[in-house]
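J.: Got a structure here, written out as structure tokens. Questions coming.
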Amino acid sequence: MTRQMTGAKMVVQALKDQGVTTVFGYPGGAVLPIYDEIFQQNDIHHVLVRHEQGAVHAAEGYARSTGNPGVALVTSGPGATNAVTGLTDALMDSIPIIVLTGQVPTFMIGTDGFQEADTVGITRPCTKHNWLVKETDALAGTLHEAFHVATSGRPGPVLVDIPKDVQFATGNYSEKRTHKSYYAPQVKGDIDAITALAKAMEKAKRPIFYTGGGVINSGPAASQLLRELVDATGFPITSTLMGLGSYPASGKHWIGMLGMHGLYEANMAMHDCDLMINIGARFDDRVTGRLDAFSPGSTKAHIDIDPSSINKVIRVDIPIVGDVAHVLEDLLKVWKARGRITEKEAVAKWWKQINDWQAIDCLKFRNSTSTIKPQYALQRLEELTKGRDRYICTEVGQHQMWAAQYLTFEDPNRWMTSGGLGTMGYGFPASIGVQMAHPEALVINVAGEASWLMNMQEMGTAMQYRLPVKQFILNNERLGMVRQWQQLLHGERYSQSWSEALPDFVKLAEAFGAKGIICKDPKDLDDAIMEMIEHPGPVIFDCLVEKHENCFPMIPSGKPHNEMLLGDAATDGAIEAGGAVLV
Amino acid sequence: MSALRLKEGASSHSAYNLRDPNAEPIERHTLAVLVANEPGVLARVIGLFSGRGYNIESLTVAEVDHQGHRSRITIVTSGTPHVIEQIKAQLGRIVPVHEVHDLTVEGPHVGRELALLKVTGKGDARVEALRLADIFRASVVDSTLTSFVFEITGTPEKIDAFADLMRPLGLQEIARTGVAALARGALPLKK
């Protein structure tokens, strides 16, 4: 069925037909017709951000916390270029978002018109796919196709660039994709490879599940099946930063996050395992450490929906291309049908070894009665908020790693962090997106003061929409992770890594009409955190923490998993000069 | 490193896998990439090669199915077997890419390139150029009293050889298409 309408109306109609209820955006000349349509309807809630980067990160937060695609709407030229960081972030972390950009009229393209930029050219390498729509008749079909591409296979960001004359002109609206898309990624895994994995599981003496964001992207069924598989086999499970929550932190087979700042036991188990089952992770360099010493004795299986992830950095023995939920379902069936066999005694011995590593207690830190240690702040935050309907966002840096170490996640979609791109300024707008999706939930952005200042303008958004997001800033007046690396690698020459002229965060909150809390004494911390939680509106929590705390444990650059630095270890000479280039 | 407080004899002191990632030989492969002929598709393919640091030795593209708007891109690339595998997987990930075929591994194939060469000269050189063109089965597609434009098809090596011979005889200019390639035999490419 087709209907006649303007391109601008088609945009709103297509969003409605795709089930979109929330759009994050910022108007401008080239999208005015679309904003005019938004004005004349009530089904789609538009959230006015204060910077286009904020719109894209908010859409990401919305998407990560719901599993549904996030939508951002921005104008041409600077609106589009400001969206680039968010698009790249979403590409690296496989987050389904649809970014709609205005463009100068088709007849002006190529003339260096006002606010013209080659948006599809600029965003080609940082989107999964993008389109410039030159005819109104093609607009609806393209928008539906955009949702299809963003959400199927390995999810990712897409962009549709819509010239202003296409928005004004009238054309045929179609409710579905106009032609059957040839984009149809494989979701079922090869049954022979799955059987090979089941056989390897039967013989494994030191197995480990290494899971990633792909489990969460695959949907709630994947997390459910993962839990069933882990509990049925009794194998230990670790996860990347992106995969936290797919298996509950309280689950008895959970051995913590792995990677550069992962837990000692998780990294040691990765190094010494004889069967590594990678489920929806991508052997990121923050996880593998030194490649030629990565888990040298193991058989490696890799389940991934993206064929290009397989054998990209680590060669695997059992590659399985497919969607995590589909593959896990088949794997469970095959493994059960073959008699639910595991090497029980050997696995029990393996657990004993893991328990020995756990006994080292790698997250131990020296607490203080006079200064708030950042780890302590997060321990208290965890204690006072766990069990609540809680969503955590982070910025990027030390606080992010501490949050991953000290906070626990029982369910998927509860943890929003910029993993692949490492975007400072991600967390605050993301928390706005999360709160829009979950108005009743407790949404906390664990931040560092430097990251937080990168998108602090979004306080205006939080206030305008009465979003009670809690900005929990671990303020060390430093670019903590940069400072840590300078201490370890660059002869303690702290080049440009401290924040001078910081604002008074309490006054800053008050200037926006929000609540500000400052806390610097460990004795006051619990009360202050409770005050933050109980306040019904947005809060900026300025938590003044130890300025020179280092984030441990740590795999220094260029080192393998079994050469981790622990907390009170001497750090002098820990990183060979050759490791410096790997950062 | 003293940082690890490990018990003596812990199983963590495993041997390293000392595989040198650069020890693999560089191979040349000819890829046939079937794509939807939509705006920007070539930029996506080329951007992938430049963005990820892959080599393009030659690339040809033209629409081969006007009704279905499908183009065929023939790419000659080189890299280690590992890199070649990545190139194919990454190409397959581009949304408007329908099929990726590695003609080098899928069986015997023929690859041909067309070149136009402008050669100027008089007297013996001109006669010699014409004689060599005959040997190489190049044809004359344009002629003046002092020049020829030769058209030659063949493998890149054959065209290189012909160009080398023409150089002392007055080669002025050369235009080459890059390689187009098809698998040998009766069957079309298997999807």
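No value in this document is a laboratory result; all are computed from the given coordinates. Here the structure is a predicted model, which is why all the values come from computation and not from measurement. Using ideal geometry, Cβ is built from the backbone for each residue, glycine included, and neighbour counts are taken over all protein chains shown.
J.: Report the per residue volume, in Å³, of the convex hull enclosing the C-alpha atoms of the stretch B:110-181.
T.: Numbers: hull volume 4.9 nm³, N = 72.
Cα convex hull per residue, to the nearest whole number: 69 Å³.
J.: How do A:395, A:477 line up, fewest other C-beta atoms within 10 Å first? All intermediate terms of the calculation are to be shown ahead of the outcome.
T.: Details: A:395 31, A:477 16.
With the sparsest Cβ surroundings first, the list reads A:477, A:395.
J.: Give me the orientation-averaged projected area of the Cα convex hull of chain A, in nm², one decimal.
T.: 26.7
J.: Still on this structure, please answer the following. Give the cross-link partners of residue B:158 among the aspartates and glutamates, using a straight C-alpha distance below 19 Å as the criterion and excluding same-chain residues fewer than 8 apart.
T.: Leaving aside aspartates and glutamates fewer than 8 places away in the same chain, those within reach of residue B:158 are B:57, B:113, B:128, B:134, B:173.
J.: Going Cα to Cα from residue A:134, which aspartates and glutamates come in below 18 Å? Please leave out same-chain ones fewer than 8 positions away.
T.: Filter leaves A:112, A:116, A:118, A:145, A:161, A:165, B:38.
J.: Order these by the 10 Å Cβ neighbour count, fewest first: A:330, A:527.
T.: Arranged by neighbour count, lowest to highest, A:330, A:527 become A:527, A:330.
J.: Here's something else I'd like to know. Taking Cα centroids, how far is the stretch A:75-141 from the stretch A:457-504 in Å?
T.: First find each Cα centre; the distance between them is then 31 Å.
J.: To the nearest whole number, what is the average tally of beta carbon atoms from other chains within 10 Å of the beta carbons of peptide A:348-361?
T.: 1
J.: From Cα coordinates alone, what are the radius of gyration and Dmax values for the stretch A:359-471 in angstrom?
T.: Calculated on Cα positions, Rg and Dmax stand at 14.3, 49 Å.
J.: In deg cm²/dmol and to the nearest 500, what is the mean residue ellipticity at 222 nm of the protein assembly as shown if only DSSP H runs of at least 4 residues count, each as -39500 (n - 2.57), divided by the residue total?
T.: -10500 deg cm²/dmol
J.: I need the P(r) histogram for the stretch A:107-265: all alpha carbon pairs, bin width 10 Å from 0 out to the longest distance, whole percents.
T.: Pair shares across the bins are 9, 25, 24, 17, 15, 8, 1.
J.: Here is a follow-up. Considering only the other residues whose Cβ falls under 15 Å of the Cβ of residue A:31, what net charge follows from Lys and Arg at +1 and Asp and Glu at -1? Present the calculation step by step, with values, prior to reporting the outcome.
T.: Values: positive: A:9, A:164; negative: A:36, A:37, A:52, A:116, A:161, A:165.
That works out to -4.
J.: Test of understanding: ordering A:62, A:183 by Cβ neighbours within 10 Å, fewest first, what list do you get?
T.: By the 10 Å Cβ count, ascending: A:183, A:62.
J.: How would you order A:440-447, A:208-215 from highest to lowest mean count of nearby Cβ atoms within 10 Å? Let's see the in-between values first.
T.: Details: A:440-447: 24.0, A:208-215: 27.8.
Answer by packing, highest mean first, reads A:208-215, A:440-447.
J.: How well do other chains shield peptide B:90-99, expressed as the mean number of their Cβ atoms within 10 Å of each residue Cβ?
T.: 4
J.: Report ³J(HN,Hα) in whole Hz for each residue of the stretch A:536-544, in order, from the Karplus equation J = 6.51 cos²θ - 1.76 cosθ + 1.60 where θ = phi - 60°; Gly and Pro get x.
T.: x, x, x, 10, 9, 9, 8, 9, 7
J.: Same structure, new question: Could you work out, residue by residue across A:308-321, how many beta carbons of other chains sit within 10 Å of that residue's beta carbon, and then give the average as an integer?
T.: On the way: counts 10, 2, 3, 4, 5, 3, 0, 3, 0, 0, 0, 0, 0, 1.
So the per-residue partner count for this stretch is 2.
J.: Could you list, in their original order, any pairs among A:128/A:373; A:349/A:559; A:312/A:364; A:386/A:507 whose Cα atoms are separated by more than 32 Å?
T.: Checking Cα-Cα distances, A:128/A:373; A:312/A:364 exceed 32 Å.
J.: Average projected area of the Cα convex hull of the stretch B:44-85, in nm²?
T.: The Cα convex hull of the stretch B:44-85, projected and averaged over all directions, gives 3.4 nm².
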